[in-house]
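The values are calculated or read from the model by the stated rules, or taken from the named source; none is laboratory data. Computed from a predicted model, the values in this text were never measured in an experiment. Counting neighbours? That spans all protein chains shown, and the Cβs are built from the backbone with ideal geometry, glycine included.
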Amino acid sequence: MKLLYSKEQIDQQISRMATEMTRDFAERRPLIIGVLKGAAPFMVELALKMPIPLQMDFTTVSSYKDGKKSGELKMVMDVNSPVGGRDVVIVDDILDSGNTLKYLKNHYQLLGARNIYMAVLVRRILNQTLERPELRYVGFDYSGEKFLVGFGLDNKDYDRNLPAIYELEEGDLHEK
């Protein structure tokens, strides 16, 4: 594995994002929704740096059926907190195609969220022109094509616990 973003760089970006969000939501009591499992470390660090009243909750969506990727997203676990009339910030570890965030934005709009914002730790810059959701808060822009792990990003459910973010090299992939 090759180090891409150190723990110190990650902390700096999360602090910057938390400062922006604290300013933007100072009087609004947002609901921060983390997309499990990858967003958990990022969301916790982000929330700990925001000295404002907020609620935290989690959701899980999946595009797998019978262990195989189906391409169709479905809600596995939704939030318990009320969404209607709220300012909602959806927090995810990485933006690739944007399908998960688009799905969740639509879902929470249907539940009556007043405003929906999105925050990701890493936004992958792609050459193709996918219609991806607009992000309000971004930690890093990554233009490489390598598979990333660490700080929530996983390799077949491993390596989420690494304190930094790494690019995988040939032979680094875990077998399930």
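Among the residues examined, Leu135 does not qualify as buried (at least 19 other Cβ atoms within 10 Å of the Cβ) and within 23 Å of Glu45 (Cα to Cα). From the list Leu121, Leu126, the lone residue that is touching a Lys or Arg at 6+ places or on another chain (Cβ under 9 Å) and either assigned to a strand (DSSP E or B) or under 16 Å from Gly98 (Cα atoms) (or both) is Leu126.
Residues in the stretch 1-40 that are among the aliphatic types (A, V, I, L, M) and in contact with a Lys or Arg (Cβ under 9 Å, 6 or more places away or on another chain) were compared, and the one that is farthest from Asp92 (Cα to Cα) is Leu4.
Evaluation of Thr60 against the conditions (1) touching a Leu at 6+ places or on another chain (Cβ under 6 Å); (2) over 17 Å from Tyr117 (Cβ atoms); (3) in a helix (DSSP H, G or I); (4) not basic (Lys, Arg) shows that the sole unmet condition is (3). For the stretch 47-63, the criterion of being hydroxyl-bearing (Ser, Thr, Tyr), touching a residue at least 12 places away in the same chain (Cβ under 8 Å) and buried (at least 16 other Cβ atoms within 10 Å of the Cβ) is satisfied by at least one residue. Annotation note: Cβ proximity below 9 Å between a residue of the stretch 106-127 that is without any contact (Cβ under 8 Å) to a residue 12 or more places away in the chain and a residue that is outside any loop (DSSP other than H, G, I, E, B) and surrounded by fewer than 21 Cβ atoms within 10 Å (Cβ to Cβ) (sequence gap 6+ or interchain) occurs for no pair. Can you confirm whether Arg28 is out of contact with any His (no Cβ under 6 Å at 6 or more places or on another chain), of a type in the set (D, E, K, R), over 15 Å from Gly150 (Cα atoms) and assigned to a loop (DSSP other than H, G, I, E, B)? When the stated conditions are applied, Arg28 passes them. In the condition set (1) modelled with pLDDT of 95 or more; (2) on the phi < 0 side of the Ramachandran plot; (3) in a loop (DSSP other than H, G, I, E, B); (4) of a type outside the set (A, V, I, L, M), Phe42 is compliant with all but (3).
Could you list all residues from the stretch 5-37 that are aliphatic (A, V, I, L, M), surrounded by fewer than 19 Cβ atoms within 10 Å (Cβ to Cβ) and under 27 Å from Glu167 (Cα atoms)? If the condition is that a residue be aliphatic (A, V, I, L, M), surrounded by fewer than 19 Cβ atoms within 10 Å (Cβ to Cβ) and under 27 Å from Glu167 (Cα atoms), then Leu36 is the only one that fits.
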